[in-house]
Each structure stands twice: as C-alpha cells, then as structure tokens.
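None of the figures in this text is laboratory data; all of them are computed from the coordinates on show. None of these values were measured; they are calculated from a predicted model. As a convention, Cβ positions derive from the backbone with ideal geometry for all residues, glycine included, and neighbour counts pool all protein chains shown.
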C-alpha cells in the first residue's frame, strides 16, 4: 500500500497479474494497452528475453477518476511465470493491493496452475499476508482452445476456498473479459478502502458448541 | 475499512522543502522518493523530461535485483546504486527499510556531489516519514464517492 499524496490528490494502487508460465499475463496487459484511451495510460514497459518470455516484469500505468476529487493511478504488473524466477515474483508482489490470477484452461496445464497458486500463497505468506486479505479475481484463460477443462472443474481446483471469488472465462488474445476482470478487481479494491466496508457484519451462529460433560455424567460413564 | 496512509499538504510541503534544498545544493534535475514496491511517495524537480511512474517501477526493481548480488559478497543490500549514462545519470540510495530515493542528474554536477548531499537528505526524509508512521493520518473515502461505471473502458 502506497502513501496518498494529498497535495497532488493522487491515490496509487498496485494490481499484479499472477499465474503459470505462458498463461497469458503479458497478453492481458498488451490488450489493455492497445484498447484503452491513450490519455489514460502510460507506456507498456516489458522486460522480456529475445524469445518474448517475461524476464523481470511487465508494467502498465493507468489513470482513472473513480474517487471523487482524486486521480486514481492503477499500476498493473505481471510476474515472470517461469518457476526459476521466484525471487522476482516476490519483488513484484511487494506492496500489492489487488491481484488477478490467470489460469491456463488447458488440461495439461492444470498441475502448473495449482503449483502457481500455491506459490502465490507462499510468496504472500513471506510478506505476512494471507491471500484471503487481498482482493483478487480468477481468470480462466484460453477458452477458445479445444483441449480445455470445464469451468466447474477449474472452479473446483482453484476456487474452492472458504471465500469464493469472482471468476471469468477469458480469451486474452481477443480481449474477451479482459476489461471485465480488471474492472471487477478494481471495484473490490476501491470498496475495501471505503468507509462503508467498516459496517460490522453479524457474527455467524456457532454450528456446534462443545460441552464439557458434568461430573455426574463422567461418574455414570465410569460405572 | 482499511485507512490508506496519507501525506497531508503540510507533510508534502515539508518533504518538498527537503528535496528542493537537496536539488539546489546537488544541482540535480529531479528527485523522487518511492516505496520499495515502486509507488511514488513524492517528487521534486523537472518532471517534464520523463514518466516518473515508470522510473519508480524500474528503479524499485533494479534496487531489489541487486540485493542478491550484495548478499553474495556478505552485504544485506547495496545502500546506493549509480547508473552512468553519456549525459544523464541516475543515483539511487536507500532511505529506510521501505523507501528509496532516486536522483536524476546531468552534466551540471557530479556523482560525488549528488552522493554527498543525498546521504543527509535521505536521513531527513527518513525522519519525516517515521514521524508520519508514528502519528500518521489515515485516509478513507465514502463508497458513494466511487464511480458506479466501469473503471476502465474497452475503446
């Protein structure tokens, strides 16, 4: 979380695209960069190898007026998906405000999806953050390919936590649901910091209360 | 509700005073204070020459990337980094555990002068930021202040 500069009336939020190698994180950013009003974006900075694999991170700054009286700057980052670059992923996750986890819908990528999600949880834990504290949404990408798992299977594998999050069927190469998922995480993020979210929720009723057996019960059981 | 740490107008004026004084003495073009996640906290100087947001993201990455290099020679991290160009250069130094200061300078000055004045400036900035974290102001807004329309539009 950054500090707000009240003089310039700016708020900055950092959103990180996380997921396994070649799942389409950079394609998401490239599509957003291509389609958003040029007045509302900066340059797309991509630190890639000659083979177009993300080496360090991709970075795209976006501006929006979404909070009355403030310029809101969203900084979109991707992490390198390749397993060996875990130190870089930890660096990019520093001060993260919101996340989009991009899963590859192909059957053969399921293990990599699960490993990457576990890696995300581990890397957040190193910053003493639980994934349940961070606003995030799920993208099931590459829905246009043939060899893909059904959405309910992906939900079972990746969205089976106590807190179910929003998920989107995405084709990042054509832009299907790319903006929808970005807007969803942005709204969750903004509402996290708004005053209304302070309203205390009613405590859930306890399912079962363990009762210590009385002395008389213990004695009768012993007999 | 989660309050966002906030620099008031008075805090920004104090920070600008420190950074402005540094730029005058060091004869540098621009100085930016960022957190280690790459977010800009404050900036002072000629901002027309470059996109400060991108400089901040890359500088934070560069600083973190050399940490492993430092560890290999028995250091926790390098306190300062210098990138030398043909006409323009960047000097970065650590302010505290969460903050970095970036200075961009050209031919009018030398790295020695920038390095010399940046050390005391970093201490002043660290003291100011520490006072914020100890008794800092939090900022939050009403949900009604958030626009209902999609934040970003596909053109």
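For chain B, calculate the relative contact order in percent as a whole number, restricting contacts to Cα pairs under 8 Å that are 6 or more residues apart.
Computed over chain B, the figure is 28 percent.
The Rg/Rh ratio for segment B:1-112 is 0.98, where Rg is the radius of gyration of the alpha carbons and Rh is the Kirkwood radius. What angle do you read, to the nearest 10 degrees and between 0 and 90, between the alpha-carbon axis of helix B:9-26 and the longest principal axis of chain B? The answer is roughly 20 degrees. Listed from fewest to most Cβ neighbours within 10 Å, the set A:153, A:140, A:31 follows the order A:153, A:31, A:140.
Once you have the alpha carbon radius of gyration of segment A:78-121, what is it after dividing by 2.2 N^0.38 Å, with N set to its residue count?
1.17
How high is the FRET efficiency from residue B:67 to residue A:152, r the C-beta distance, R0 51 Å, rounded to 0.05? The value I calculate is 0.75. On a 0 to 90 degree scale, rounded to 10, what angle separates helix B:111-135 from the longest Cα axis of chain B? In chain B, helix B:111-135 runs at an angle near 30 degrees to the longest axis. Taking B:78, B:141, B:44 as the candidate residues, the one with maximal mean-square fluctuation in a Gaussian network model of chain B, Cα springs under 10 Å, is B:141. Counting helices only, and only those DSSP H runs with n ≥ 4, report the 222 nm mean residue ellipticity of chain B as the sum of -39,500 (n - 2.57) divided by its residues, in deg cm²/dmol to the nearest 500. The helix contribution divided over chain B gives -14500 deg cm²/dmol.
Averaged over the residues of peptide B:57-70, the number of Cβ atoms from other protein chains lying within 10 Å of each residue's Cβ is 3. Quick check on the protein assembly as shown: take the gyration tensor over C-alpha atoms, sort the square-rooted eigenvalues as a ≥ b ≥ c, and tell me if it's rounded (a/c under 1.5), prolate or oblate. Prolate, because a/c is 1.5 or more and a/b exceeds b/c. In plain terms, the C-alpha convex hull of segment A:16-173 casts an average shadow of 10.0 nm² when viewed from every direction.
Over all residues in B:28-39, what is the mean tally of Cβ atoms on other chains that come within 10 Å of each residue's Cβ?
Across B:28-39, the average partner-chain Cβ count within 10 Å equals 4.
Fully extended, how many nm does the chain gain between residue B:83 and residue B:147 (0.36 nm per residue separation, minus their Cα-Cα distance)?
Values: separation 64, 0.36 × 64 = 23.04 nm, distance 4.19 nm.
Difference between extended and current length: 18.9 nm.
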